[in-house]
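Here is the structure we will look at, set down as structure tokens.
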Amino acid sequence: MSEEEAYEFVKGTLKEERIIPYKEDELEIIKSIEQCINCGICINHCPVVAGVGVDQFSGPRSIAVELSRSPPEFWTTGDKVYLCTGCGTCREVCPQSVNIPEIVNMIRARIFEHRPDLVPKELHKVLETIHAHEKAFAPWDDPEDKIDSRDMRLERLGLPLVDIESKESADVLFYPGCQAEEMAQEVKEAAKVILKRFDVNFAVLDELSCCGLPARLIGDEKTARELNTSLKEKIKSLGVKMLVTTCAGCTSNISDIAVRDNWDIPIYHMIEYLIEHIGIDRLQAEMASDTSATKITIHEPCHLIKHTSRQILDYAVEILQAIPNVEVITSSARDSCCGGGGMVAYHAPSVAKSVVGINLAAIDATSASRVVTPCPLCTATLEDNLYRSGIPIDVDDLTVFIATHLSME
Amino acid sequence: MEHEYDLAVIGGGIAGLVAGTIASESGLKTILIRKGRGATSYSSGAIDILGNLVESQFPLSPIDALSTTGVIRSTHPYVILGISENNREVHTELIVQRVKDSVKWLQRNLDGLCAEFTGALDQAMEAITVLGTTKPTCFVQKTMDMGNLVKDHDDSNLLFVDIVGHPDFNGRLAARTYAEFQRYADKPVKRVSSCSITITPFGKPYNISSVEVARHLDHSGLPKEALSELRKNIENTGATHVALPPVMGIESANTVLQEIAELGVHPFEVLSFPPSVPGMRLQQSLDAMYLESGGQMIVGHEVVGYDSADDRVSRIIAKSPHRKMKISATSTILATGKFIGGGIKGTESGFKESIFNLDTVDLNYNPTDDLRPQKLTDRVNVQYEGHAVFSVGVPVDRYFRPINYDSQVVYENVFAAGSVLAGYNYLVEKSGLGVGLTTGYTTGLNAMKYIKEEL
């Protein structure tokens, strides 16, 4: 048998034994797991453990030292690993920087490949939508309804509709992400208002396609990578110099794949773009001074602060403090997660509800009348849960909050 | 974007947080960069100062031990504290004074926070652990105060209480071990017994983690059923003291213990191993202390590079999962810990400090740059001298600035504090948090002097 043949033969047996070889870009994650010293610090900080206890969700340590070790465990632990909200708190407190959120994605990918029957069925439904529309949310049946919904939202917020004249030779691609494209359209429009106010030469995609994060979180690595490639091609054909997004999940996921797949352009969240490219002075000069006094508290989106950088939260505070008549109050929530991450809310709503519960209590305990968060998913999740719990506190996406506080032109 | 500060502290354990607080409360613009949680988070609830000296063979009070250190070892961080400004000689009184100052300072700063502690430097304390063994220490969190269990009490009767389905503490086992020890004690506890109570954070009496119980008690207090179970057992055994697992709440442990005390006993928590609730209390309290002083903290960032010019570190580069941050600071404090924190790395080719690639030495300041870590371990696992590998770290000058093998200061604006330092074996000495506290306190002051050009 030649070496080539032997290689093919072994590859064949791998398939039979249901083993998926690791990809080159996964090796670093695999090595990080070997560093686990089993100390259990992560258990003390995991928001899912705080919400439901180690009996239902055995916690990050268990994922690192038990559930991730070999194929039979992969398959039999679907009920545990699909409960991780992927917030990244465990990685942040870990003395050895074990990359647990990514390990969870890798285990899910292996369950998905070999035992799709063990993947919660609600997630298969999301995948159907993604496959049909290249987006995590199904488009509106009637495009007119979508426009009506957008106009209603704009009217309520008192924001103008911004037309993009030309996207030829745009410097910046504004990428709203699925949620702001289909559901929270006010976030997309608010971002356009802000970019236009600062004379940014920007474009948006004619046909937005998903960044691939939901597919990756479900475990459908193949679809995720296809979406990554498709998005890369769209962006490359525009020839933009950078990408700006208002979505926390897109920020971390695109930052990740842009490095992995050599996109060669920087990725920014709107907050970073405003601070690093527009500058706090210019921003401050455009703020309305006649608004009424508001007390707000900030919710920290996991994908922005724990998966991208904590620095962005300091930027957010800097921006909010530059808005006249706004007082920022700190919430006592530690290691907070809105429960909307990791696709958990789709198949285990009771778990997601327990996770967000800790947050709601902390928000309620502040004297703030409004929660502001730089993520459309956190906004929607918090809004829904606060409403259901009868807590009369409004939630705004930070981009919308900034846009509505700009002075009239 | 470039971020400018007077002081950058690398590491968020006790040494870094104390140093940062000292600088920040005196008005310096301070940033603390933290990668993950280190050894401080593992705290058992005790702040050791100096439990025993390797050379002494018998237990000493922390003050006596500190006084002895100066005589027998010149490289111990405590001894460096005692070097006088005037004649550059070691003064025992100076060591004791500086330790006293920093302990007093921390006690004041943690006052009212959940890690508030109690104890005295001139008394050795034998705190009980979850295994029923004892450990020499100096200060413990207030909830762990054993009261008059072993002193001035003729007929103390100790009841170990565990929680059904909580695997981190077995009261019966602890009681048996502790009772065994009483045979050798000067003032033995008259009677030792155990019992279980039921606390079910999520409605089930099994597979319960410590932090769950603590959060549950914070949230809803001690369940009535648990209190009556406890009352019955106290009546049956005639207990005077009650030893509990250290999970009686993160913020509200004092209140819960107060409730138990009303049953006519002295309740206290025992020391535990990680993942510990007392460690969470300590870390949380130290974080709060630092933030209260006005310091800035950037969590989730690892220092991955630096620029230097003219024997000074001019800039450090910190990395988060997807971003990099450039930080320029007039002075930098290195408080990165040892092997758990990641400040010192041991590989097959030898030991290195992980950020500035500084030279490393052992207990007696002998070079360890090309020494395999195995050479500094002993085949006998448990022994009085411990493993030499735990005393490896960076050598420093009298201001705690890292020096190289030629005894030259490497960077005039970099100071080192905590377990990244060489010259002491915290495991056998029981001096971990004490050295972290005192060297953090002193380097904070030294960095301040440097920034104000008074050093």
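Bear in mind these aren't lab numbers, they're just calculated from the coordinates by the rules spelled out. The model shown is predicted, which means the values in this text are computed figures rather than measured ones. Here the Cβ positions follow ideal geometry from the backbone for every residue, glycine too, while neighbour counts run over all protein chains shown.
In peptide B:39-51, how many Cβ atoms from other protein chains are near each Cβ within 10 Å, on average? Working shown, then result.
Numbers: counts 2, 0, 6, 4, 0, 0, 0, 0, 0, 0, 0, 0, 0.
The shielding value for this peptide is 1.
Which net charge results when you count Lys and Arg as +1 and Asp and Glu as -1 among the other residues whose beta-carbon is under 12 Å from that of residue A:242? Please list the in-between numbers first.
On the way: positive: A:241; negative: A:171, A:264, A:272, A:276.
Around residue A:242, the surrounding residues sum to -3.
How far is helix B:432-451 tilted off the main Cα axis of chain B, in degrees rounded to 10, range 0 to 90?
30
Can you compute 3J(HN,Hα) from phi for each residue in region A:187-199, using the Karplus curve 6.51 cos²θ - 1.76 cosθ + 1.60 with θ = phi - 60°, rounded to whole Hz and x for Gly and Pro?
Taking θ as phi minus 60°, the curve returns 5, 4, 5, 4, 5, 5, 4, 5, 4, 5, 4, 9, 6 Hz for region A:187-199.
With charges set only on the Cβ (+1 for Lys and Arg, -1 for Asp and Glu), what does the dipole of region B:130-271 come to about its Cα centre, in debye to the nearest 20?
Numbers: 14 positive and 17 negative charges, 70 e Å.
In total the dipole reaches around 340 debye.
Treat region B:130-271 as a sphere of radius equal to its Kirkwood radius over Cα pairs and apply Stokes-Einstein at 25 °C in a medium of 0.890 mPa s; give the translational diffusion coefficient in µm²/s, rounded to a whole number.
On the way: Rh = 15.2 Å.
D, rounded to a whole number, is 162 µm²/s.
Would you work out which of A:41, A:105, A:21 lies farthest towards the positive end of the dipole of region A:3-119? Charges go on Cβ: Lys and Arg +1, Asp and Glu -1.
A:41
How do A:384, B:359 rank when sorted from fewest to most other Cβ atoms within 10 Å of their own Cβ?
Placing the least packed residue first, the sequence is A:384, B:359.
Putting +1 on Lys and Arg Cβ atoms and -1 on Asp and Glu Cβ atoms, find which of A:87, A:77, A:10 reaches farthest to the positive end of the dipole of region A:3-119.
Checked the options; the winner is A:87.
What value does region B:246-365 have for Rg/Rh, both radii from Cα atoms and Rh as Kirkwood defines it?
Details: Rg = 20.6 Å, Rh = 18.4 Å.
Taking Rg over the Kirkwood Rh, I get 1.12.
Starting at the first residue of region B:91-107, write each ³J(HN,Hα) from the Karplus equation 6.51 cos²θ - 1.76 cosθ + 1.60 with θ = phi - 60°, in whole Hz, x for Gly and Pro.
Karplus values, whole Hz, x for Gly and Pro: 10, 4, 4, 5, 4, 4, 4, 5, 5, 4, 4, 6, 5, 4, 4, 5, 4.
Taking the Cα atoms of region B:312-455, report the difference between the largest and smallest coordinate on each principal axis, in whole Å and largest first.
Computed over region B:312-455, the largest-to-smallest principal extents equal 48, 36, 29 Å.
Compute the acute angle (0 to 90°) between the alpha-carbon long axis of helix A:311-322 and the principal axis of greatest extent of the alpha-carbon atoms of chain A; round to the nearest 10°.
The angle comes out near 10 degrees.
What translational diffusion coefficient, to the nearest whole µm²/s, does region A:3-119 have by Stokes-Einstein, given a Kirkwood radius computed over alpha-carbon pairs, a temperature of 25 °C and 0.890 mPa s viscosity?
On the way: Rh = 15.0 Å.
Stokes-Einstein gives a translational diffusion coefficient of 164 µm²/s.
Over the residues of region A:280-404, compute the C-alpha Rg and express it relative to 2.2 N^0.38 Å. Provide the component values of the computation, followed by the final result.
Details: Rg = 14.5 Å, N = 125, 2.2 N^0.38 = 13.8 Å.
Rounded to two decimals, the normalised Rg is 1.06.
Report P(r) for region A:179-247: all Cα-Cα distances, bin width 5 Å, range 0 to the bin holding the largest distance, values in whole percent.
Whole-percent P(r) values from 0 Å outward: 3, 14, 21, 23, 21, 11, 5, 2, 0.
Can you put B:195, A:46 in order of Cβ neighbours within 10 angstrom, beginning with the fewest?
Working: B:195 20, A:46 29.
By the 10 Å Cβ count, ascending: B:195, A:46.
Which net charge results for the neighbourhood of residue A:371, defined as the other residues with beta-carbon distances under 12 angstrom from its beta-carbon, given Lys and Arg at +1 and Asp and Glu at -1?
-4
I need the P(r) histogram for the protein assembly as shown: all alpha carbon pairs, bin width 10 Å from 0 out to the longest distance, whole percents.
2, 12, 20, 23, 20, 14, 7, 2, 0, 0
Going by Cα centres, region A:243-284 and region B:134-152 are how many Å apart?
One Cα centre to the other: 53 Å.
Per the helix-only calculation at 222 nm, which mean residue ellipticity applies to chain B, given -39500 (n - 2.57) for every DSSP H run of n ≥ 4 and division by its residues, nearest 500 deg cm²/dmol? All intermediate terms of the calculation are to be shown ahead of the outcome.
On the way: 11 runs with 132 residues, N = 455.
-9000 deg cm²/dmol, from helical runs alone.
Take the alpha carbon gyration tensor of region B:71-211, find the square roots of its eigenvalues, order them as a ≥ b ≥ c, and report rounded if a/c is under 1.5; if not, report prolate when a/b exceeds b/c, else oblate.
Prolate.
From the gyration tensor of the Cα coordinates in chain A, what semi-axes in whole Å does the equivalent ellipsoid have, largest first, with each one equal to sqrt(5λ)?
Details: eigenvalues 268, 134, 73 Å².
The three semi-axes for chain A are 37, 26, 19 Å.
Please work out whether region B:380-455 counts as rounded, prolate or oblate from its C-alpha gyration tensor, where a ≥ b ≥ c are the square roots of the eigenvalues and a/c under 1.5 means rounded, while otherwise a/b larger than b/c means prolate and anything else oblate? Intermediate values should be presented prior to the final figure.
Numbers: a/c = 4.37, a/b = 1.87, b/c = 2.35.
Here region B:380-455 falls in the oblate category.
Could you work out how far the C-alpha centroid of region A:27-99 sits from that of region B:198-239, in angstrom?
27
Using the 10 angstrom Cβ neighbour count as an exposure proxy, how do B:68, A:381 rank, fewest first? All intermediate terms of the calculation are to be shown ahead of the outcome.
Working: B:68 16, A:381 25.
Ranked by crowding around the Cβ, least crowded first: B:68, A:381.
Just to check I understand the Karplus step: with θ = phi - 60° and J = 6.51 cos²θ - 1.76 cosθ + 1.60, what whole-Hz values come out for region B:180-186, glycine and proline as x?
Coupling constants for region B:180-186: 4, 5, 5, 4, 9, 7, 5 Hz.
Angle between the Cα long axis of helix B:277-292 and the longest principal axis of chain B, 0 to 90 degrees, nearest 10?
Result, in degrees: 50.
Amide H of residue A:269 versus every other amide H placed in the peptide plane: which residues, excluding those fewer than 5 positions away on the same chain, fall under 5 Å?
Result for residue A:269 returns A:245.
Inside 10 Å of the C-beta atoms of A:346-357, what's the mean count of C-beta atoms belonging to other chains?
Values: counts 0, 0, 0, 0, 0, 0, 0, 0, 1, 0, 0, 0.
For this peptide, the per-residue mean of nearby foreign Cβ atoms is 0.
Any idea what the dipole of the protein assembly as shown comes to, in debye rounded to 20, about its Cα centre with Lys/Arg Cβ at +1 and Asp/Glu Cβ at -1? List each step's numbers first, then the result.
Numbers: 82 positive and 116 negative charges, 402 e Å.
So the magnitude is around 1920 debye.
Considering amide H positions built from the backbone, and no H for Pro or chain starts, which residues 5 or more places from residue B:421, or on another chain, come under 5 Å of its amide H?
B:394
In Å, what Rg and Dmax follow from the Cα atoms of region A:132-278?
When restricted to the Cα atoms of region A:132-278, Rg and Dmax are 15.0, 42 Å.
Strictly greater than 41 Å: what percent of every Cα pair in chain B meets that? Don't skip to the end; give the middle numbers.
Values: 20488 of 103285 pairs.
When every Cα pair of chain B is considered, 20 percent fall beyond 41 Å.
Treating only the Cβ of Lys, Arg, Asp and Glu as charged (+1, +1, -1, -1), what charge dipole size does region A:3-119 show about its Cα centre? Round to the nearest 20 debye.
Values: 12 positive and 19 negative charges, 113 e Å.
Computed about the Cα centre, the dipole is about 540 debye.
Express the C-alpha Rg of region A:289-337 as a ratio against the empirical globular expectation 2.2 N^0.38 Å, rounded to two decimals.
Details: Rg = 12.1 Å, N = 49, 2.2 N^0.38 = 9.7 Å.
In units of the globular-protein estimate, region A:289-337 measures up at 1.26.
Would you mind giving the average projected area, over all directions, of the Cα convex hull of region B:376-415 in nm² with one decimal?
Numbers: hull surface 15.0 nm².
Reported value for the Cα convex hull: 3.7 nm².
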